[in-house]
Structures are given as structure tokens and as C-alpha cells.
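*Asks:* Just dropping this structure here.
Derivation of every value follows stated rules applied to the coordinates shown; laboratory data play no part. Please read all numbers here as calculations on a predicted model, not as lab measurements. All Cβ positions, glycine included, derive from the backbone under ideal geometry; neighbour counts span all protein chains shown.
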Amino acid sequence: MEIKSPAFAQGGLIPSKHTCDGQDVSPPLTWSGAPAGAQSFAVISDDPDAPAGTWVHWVIWNIPARTQALEENVPKLDALPNGARQGTNDFRRVGYGGPCPPSGTHRYSFRLYALDAPVDLKSTATKRELEKAMQGHVLARAELMGKYGRR
């Protein structure tokens with residue numbers, strides 16, 4: 001399975017549009033090569049370089065199995081029209097919260113999970129709750145990493 005973004009290349013710079021310095025909208029993501037049996041997808045985005053430990057930027061799950069992309073600027077709602085749910089990020093908000101490093105250039109991971117079942121979680125759940133709910137259900141995983149540093 002592979003995940004990409006038309007907004008930035010693997011290991012490339014995330015455009016400011018997708019950060020706290022810009023419009024703070026989620027980047028477009030596309031994927032391919034999902035395994036047979038995938039019933040839903042989840043995406044977790046975080047910053048492992050944050051001073052206080054890994055900082056969670058986005059938690060979204062129950063993305064329908066037929067989906068192969070998330071468009072730019074996913075609405076910051078706990079429940080989306082396609083049935084997907086979004087959790088609470090470390091900014092204490094639902095939906096996507098873009099890169100906003102206090103200093104230096106940080107790495108930002110967008111991990112896609114193909115799951116063998118939808119996840120039974122309340123909207124606004126945290127990354128930790130999602131990871132626990134996904135245990136034993138991950139069929140495949142892919143990762144896209146981008147970088148951002150404030151000027």
C-alpha cells in the first residue's frame with residue numbers, strides 16, 4: 001500500500017497553506033494498493049520531533065473502503081458525510097491541526113491504515129483510543145513524511 005500527496009513529496013516540505021502559518025487546511029492525500037478485505041481506512045498524523053513528545057495533528061477513521069483519497073481541507077467536523085469520524089488532536093480540537101513547530105524543522109508523519117473492520121469509537125476519540133481500537137485489525141500500513149519549519 002502506498003500513500004502520497006500532490007501537495008508535497010515524500011520527505012519534502014509541507015506548503016505553508018497546510019500549517020498554522022497559512023490556512024491550516026489538511027493536505028490532499030491519495031493512496032493505492034489496499035489489500036483485499038480492507039473494510040475501512042484510518043489516518044493518524046503526528047510530529048515525533050515535538051519538544052514535549054509526539055504531538056498529534058490529525059486522527060480520522062472509518063474512511064469507507066472504496067475511498068482512495070482525502071481531498072484538501074477536510075471539514076473539521078467530528079462526523080463527515082461519508083461516515084468517517086475525526087478525533088481530537090493535541091491542540092484539543094477536532095479534525096486537522098497543521099504543523100506549527102515552536103522552533104527548527106520538524107518531521108510530520110501521515111500514516112494510513114487499512115483495517116479489516118470499521119472502528120467502533122465515539123467521535124472526538126484520541127490517537128491512543130484509536131490505536132487501541134485498531135489492534136488486531138490492521139491489514140496494511142503506509143506512511144508519508146513531510147517537513148516544516150517556521151520562518
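*Asks:* Determine which single condition residue 111 fails, assuming it passes every other condition in (1) within 24 Å of residue 13 (Cβ to Cβ); (2) buried (at least 17 other Cβ atoms within 10 Å of the Cβ); (3) in contact with a Ser or Thr (Cβ under 8 Å, 6 or more places away or on another chain).
*Replies:* Evaluating residue 111 over (1) within 24 Å of residue 13 (Cβ to Cβ); (2) buried (at least 17 other Cβ atoms within 10 Å of the Cβ); (3) in contact with a Ser or Thr (Cβ under 8 Å, 6 or more places away or on another chain) leaves (2) as the failure.
*Asks:* Mind listing whichever residues of region 65-117 are touching a His at 6+ places or on another chain (Cβ under 8 Å), closer than 21 Å to residue 36 by Cβ and part of a loop (DSSP other than H, G, I, E, B)?
*Replies:* Matches in region 65-117: 116, 117.
*Asks:* Here is a further query. Between a residue in region 37-55 that is free of Cβ contacts under 8 Å to residues at least 12 places away in the same chain and any residue that is assigned to a loop (DSSP other than H, G, I, E, B), which pairs come within a Cβ distance under 7 Å, given they are 6 or more apart or on different chains?
*Replies:* 54/48
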